[in-house]
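Visitor: Pasting a structure here, questions to come.
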Amino acid sequence: MKKIALAFLLIMVAGVAQGTAIYDIQTGAVDENTLVTPSDVVVTAVTDNGIFVAEAPYSEYNGIWVYTGSDEPHGMVAGDVVSICGEYVEYYDLSEIDIVAAGLYGSLVKVGTQDIPAPSYVLAADLAADGEPWESCVITITDGMLVEEILSYGEWTALATDGTPVMFDDYWFDAETVEVDHCYNNATGVLFYGYGNFKLEAFADGIELTDCLVATDVVTFDSMKSLYR
């Protein structure tokens, strides 16, 4: 019986991507349904049933969603450093580490704390061209934006100054405070993928409201000189 149990354990260990880098998961170097073990990664945001984590250098492909389930509180907060064992799955095209699916091997262990990494600065046009590198990463969309439409289920859209649309969702931000024609200097949160769209889950304090720009006449250098003749 001991030999059988040992053989089974060795088979399971062989199927684990040891010390797995989030970058490798997000760039396709790890097969789906593999047990993965990112270690010493930092929690960047939390929800009731999971956490977002990131690894240095906190840039493209360095963030991922970790599903912990809703049966028990995970107890983590942003800034916790954790080690994880879970199953890598594509949940409706969202890359995630599913601790519940890993069964007895699933684990989430706090191993320390650190400063929360600064967000990456991203243009709305770059996200529209390819949001995949920034999936589950903390970003600041640096464009100015104008709220265009209030959608259902706590979602809304805004147009960047170059006309690029940006979709928002309200997990942390209070959607009831959003109004059409509100203007944003920028917005910070986690880029999430769900129901076929990338959307910014803006933090509760992640949107910088500003006065909308007033259209002005174009002033040329020659017209300025003429004022002083």
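The values are calculated or read from the model by the stated rules, or taken from the named source; none is laboratory data. Remember, predicted model here, so these are calculated numbers, not experimental data. Every residue, glycine among them, receives a Cβ derived from its backbone with ideal geometry; neighbour counts consider all protein chains shown.
Visitor: Please specify each residue of the stretch 111-125 satisfying the condition of being surrounded by fewer than 16 Cβ atoms within 10 Å (Cβ to Cβ), without any contact (Cβ under 8 Å) to a residue 60 or more places away in the chain and not aromatic (Phe, Trp, Tyr). Lay out the reasoning, then the answer.
Guide: In the first step, residues of the stretch 111-125 are kept if they are surrounded by fewer than 16 Cβ atoms within 10 Å (Cβ to Cβ); the result is 111-115, 118, 121, 123, 125.
Adding the requirement that they be without any contact (Cβ under 8 Å) to a residue 60 or more places away in the chain leaves 113, 115, 121, 123, 125.
Result: THR113, ASP115, LEU123, ALA125.
Visitor: Is it true that ASP130 is of a type in the set (Asp, Glu), in contact with an Asp or Glu (Cβ under 9 Å, 6 or more places away or on another chain) and not assigned by TED's automatic domain parsing to the domain that holds ALA56? Walk me through it before giving the result.
Guide: Working: of a type in the set (Asp, Glu): yes; in contact with an Asp or Glu (Cβ under 9 Å, 6 or more places away or on another chain): no; not assigned by TED's automatic domain parsing to the domain that holds ALA56: yes.
So ASP130 does not fit the description; no.
Visitor: Hey, MET1 hits all of (1) at pLDDT 95 or above; (2) out of contact with any Gly (no Cβ under 7 Å at 6 or more places or on another chain); (3) farther than 16 Å from ASP115 by Cβ but one; which does it fall short on?
Guide: All conditions pass for MET1, except number (1).
The rows are residues; the columns are (1) surrounded by 19 or more Cβ atoms within 10 Å (Cβ to Cβ); (2) outside any loop (DSSP other than H, G, I, E, B); (3) not assigned by TED's automatic domain parsing to the domain that holds SER136.
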position	(1), (2), (3)
VAL66	yes, yes, yes
GLU72	no, no, yes
VAL77	no, no, yes
VAL82	yes, yes, yes
CYS85	yes, yes, yes
GLU90	no, yes, yes
ILE97	yes, yes, yes
LEU104	no, yes, yes
VAL109	no, yes, yes
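Visitor: Return yes or no: is TYR184 aromatic (Phe, Trp, Tyr), more than 19 Å from TRP65 (Cα to Cα) and either surrounded by 15 or more Cβ atoms within 10 Å (Cβ to Cβ) or at pLDDT 95 or above (or both)?
Guide: On the way: aromatic (Phe, Trp, Tyr): yes; more than 19 Å from TRP65 (Cα to Cα): yes; either surrounded by 15 or more Cβ atoms within 10 Å (Cβ to Cβ) or at pLDDT 95 or above (or both): yes.
Criteria met by TYR184.
Visitor: Can you name the strands (runs of 3 or more DSSP E) wholly within the stretch 129-197 that have at least 3 residues being touching a residue at least 12 places away in the same chain (Cβ under 8 Å) and under 25 Å from THR44 (Cβ atoms)? So that I can check it myself, show each step before the final result.
Guide: On the way: elements: 138-141, 145-150, 156-160, 165-169, 183-194.
Ranges flagged: 138-141, 156-160, 165-169, 183-194.
Visitor: Quick check: anything in the stretch 15-31 modelled with pLDDT under 95, assigned to a helix (DSSP H, G or I), of a type in the set (Gly, Ala, Ser) and in the same structural domain as MET76 (by TED's automatic domain parsing)? Give the derivation first.
Guide: Step one: filter the stretch 15-31 for residues modelled with pLDDT under 95, giving 15-19.
Narrowing further to those that are assigned to a helix (DSSP H, G or I): none.
No, the conditions are met nowhere in the stretch 15-31.
Visitor: Right, next: Taking SER136 as the residue in question, decide whether it is of a type in the set (S, T, N, Q), closer than 30 Å to THR37 by Cβ and not assigned by TED's automatic domain parsing to the domain that holds VAL77. Step through it out loud before you land on a result.
Guide: Numbers: of a type in the set (S, T, N, Q): yes; closer than 30 Å to THR37 by Cβ: yes; not assigned by TED's automatic domain parsing to the domain that holds VAL77: yes.
The answer is yes for SER136.
Visitor: For the stretch 96-116, what are the residues that are under 19 Å from VAL190 (Cβ atoms) and out of contact with any strand residue (DSSP E or B) (no Cβ under 6 Å at 6 or more places or on another chain)?
Guide: Passing the criteria: ASP115, ILE116.
Visitor: Here is a check on your reading of the model: is THR27 farther than 28 Å from ASP170 by Cβ and either free of Cβ contacts under 8 Å to residues at least 24 places away in the same chain or buried (at least 22 other Cβ atoms within 10 Å of the Cβ) (or both)?
Guide: Details: farther than 28 Å from ASP170 by Cβ: yes; either free of Cβ contacts under 8 Å to residues at least 24 places away in the same chain or buried (at least 22 other Cβ atoms within 10 Å of the Cβ) (or both): no.
No; evaluated as a whole, the condition is false for this residue.
Visitor: Might you check whether a residue that is within 15 Å of the chain's Cα centre (by Cα), at pLDDT 95 or above and either of a type in the set (D, E, K, R) or not in a loop (DSSP other than H, G, I, E, B) (or both) occurs anywhere in the stretch 111-120?
Guide: In the first step, residues of the stretch 111-120 are kept if they are within 15 Å of the chain's Cα centre (by Cα); the result is 116-120.
Still in the running and at pLDDT 95 or above: 116-120.
So of that shortlist, the ones also either of a type in the set (D, E, K, R) or not in a loop (DSSP other than H, G, I, E, B) (or both) come out as 120.
Scanning the stretch 111-120 turns up at least one residue that is within 15 Å of the chain's Cα centre (by Cα), at pLDDT 95 or above and either of a type in the set (D, E, K, R) or not in a loop (DSSP other than H, G, I, E, B) (or both).
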